[in-house]
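J.: Once you've had a glance at the structure underneath, I'll fire off some questions.
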């Protein structure tokens, strides 16, 4: 009979315990007033016990040990998967955070460039408006100067008439 698994030493201890028990059983039994005489039935019982252990080992203990080993492997695989998934989740979280940070810095850069472009465009528009306003102002000044000159010329032609009319009024007679 081959005993496999983790309890090989346990069987040796068990066999030693049985042997010691049989050795001292006689003394203990006589001291208590009980008389047990080992005969061939004891050997049959020992063989029967070992046979039952062997059969239970084949039918019950080995399949249970296999199931426990499979469960242990499955649990360790699941733990490894959990660790892997946690590491992947942490990596994805870090990548997400760095992506957000990068997008923010890129957005701020684009915002600054748009603000600078808008300010430059605003300066150009204001400059064009100023140039147009100065051109319009110059045209208006020129027109006013022409009108003033025209009015001056017309007034110069009528100055004699106005002078005579004023003098007549002041003097009260015709000049």
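The values are calculated or read from the model by the stated rules, or taken from the named source; none is laboratory data. Please read these numbers as outputs of a predicted model, since none were measured by experiment. Here the Cβ positions follow ideal geometry from the backbone for every residue, glycine too, while neighbour counts run over all protein chains shown.
J.: Among all residue pairs at least 6 apart or on different chains, which show Cβ distances below 9 Å where the first residue, located in region 138-163, is under 22 Å from residue 174 (Cβ atoms) and the second is at pLDDT below 85 and not in a helix (DSSP H, G or I)?
T.: That search, which allows pairs on different chains as well, returns 163/175.
Yes/no matrix, rows are residues, columns are (1) modelled with pLDDT of 90 or more; (2) in contact with a helix residue (DSSP H, G or I) (Cβ under 6 Å, 6 or more places away or on another chain); (3) farther than 16 Å from residue 11 by Cα; (4) surrounded by 10 or more Cβ atoms within 10 Å (Cβ to Cβ):
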| position | (1), (2), (3), (4) |
| --- | --- |
| 46 | no, no, no, yes |
| 55 | yes, no, no, yes |
| 62 | yes, no, no, yes |
| 78 | yes, no, yes, yes |
